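Visitor: My structure is below; once you've seen it, I'll send some questions.
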Amino acid sequence: PGKYLLVSLVMLLVQFFFSLPGYAWDYFYLLNASNHWMMLSYICRIVGQIVMLPFTLAWAQSFRLLLDYPSMSAVGALRKSWQLMRGHKGRLFVLQLSFLPLEIAAIFTMGIGYLWLSPYMNMTYTLFYLDLMNPQEA
């Protein structure tokens, strides 16, 4: 479990780092209650998410790599995931976007739709990982 926690911690710290400017503008909004601070906060959050996206896509396979290779270290899994996803981040991003209509539909069912959607998404991401690991068989 320590390796999984370390990978999660690295991802959390990267997420926090790119969200920090938005939090700073939120603080200024709380001090002054001016709408332009709130707009700057939203802009910083959107830019932070866009800049953070390549990191999250590059490290998306880290947990599956740790499951496949139990002797691999957390840093090794992050590096291997980074190498594995080189040239495939766009494919994963489009795959994630393809689930957006289904997620909206699941929200309209008050979350009950996630009972079917979550396993479907996890299986699809697992098949994406298997495709990355065995490209000659595809």
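The values are calculated or read from the model by the stated rules, or taken from the named source; none is laboratory data. Quick caveat: nothing in here was measured; it's all calculated off a predicted structure. Here the Cβ positions follow ideal geometry from the backbone for every residue, glycine too, while neighbour counts run over all protein chains shown. In case anyone asks, the SASA skips ligands and DNA or RNA and just uses the protein heavy atoms, side chains included. Shrake-Rupley method; radii C 1.70, N 1.55, O 1.52, S 1.80 Å.
Visitor: Any idea which of (1) of a type in the set (A, V, I, L, M); (2) over 29 Å from Y23 (Cα atoms); (3) in contact with a helix residue (DSSP H, G or I) (Cβ under 9 Å, 6 or more places away or on another chain) is the one L127 doesn't satisfy?
Guide: Status for L127: all satisfied but (3).
Visitor: From the list A77, A58, pick out the single residue that is touching a residue at least 60 places away in the same chain (Cβ under 8 Å) and of a type in the set (G, A, S).
Guide: Just a single option satisfies the conditions, and that option is A77.
Visitor: If I filter the stretch 55-67 for residues that are loosely packed, with under 13 Cβ neighbours inside 10 Å and not aliphatic (A, V, I, L, M), do I get at least one hit?
Guide: Looking through the stretch 55-67, none of the residues is loosely packed, with under 13 Cβ neighbours inside 10 Å and not aliphatic (A, V, I, L, M).
Visitor: Within the stretch 92-117, track down each residue that is aliphatic (A, V, I, L, M) and under 22 Å from P54 (Cβ atoms). Steps first, please.
Guide: Our first condition is that a residue be aliphatic (A, V, I, L, M); within the stretch 92-117, this holds for 92, 94-95, 97, 100, 102, 104-107, 110, 112, 115, 117.
Passing the criteria: L92, V94, L95, L97, L100.
Visitor: Further question: When you check R45 against the structure, is it of a type outside the set (A, V, I, L, M, F, W, C), crowded, with 17+ Cβ neighbours inside 10 Å and more than 19 Å from M123 (Cβ to Cβ), yes or no?
Guide: yes
Visitor: Here is a further query. Can you tell me which residues in the stretch 103-129 are within 28 Å of D68 (Cβ to Cβ) and open to solvent by 80 Å² or more (accessible area, probe 1.4 Å)?
Guide: First, the residues of the stretch 103-129 that are within 28 Å of D68 (Cβ to Cβ): 103, 114-129.
Scanning the stretch 103-129 gives L115, W116, Y120, N122, M123, L127.
Visitor: Report whether or not Y42 is in contact (Cβ under 8 Å) with a residue 40 or more places away in the chain and among the hydroxyl-bearing types (S, T, Y).
Guide: No: the conditions fail for Y42.
Visitor: Which one of these is of a type in the set (S, T, N, Q) and under 22 Å from P135 (Cα atoms): Q49, Q61?
Guide: Working: Q49 fails: under 22 Å from P135 (Cα atoms).
Residue meeting the stated conditions: Q61.
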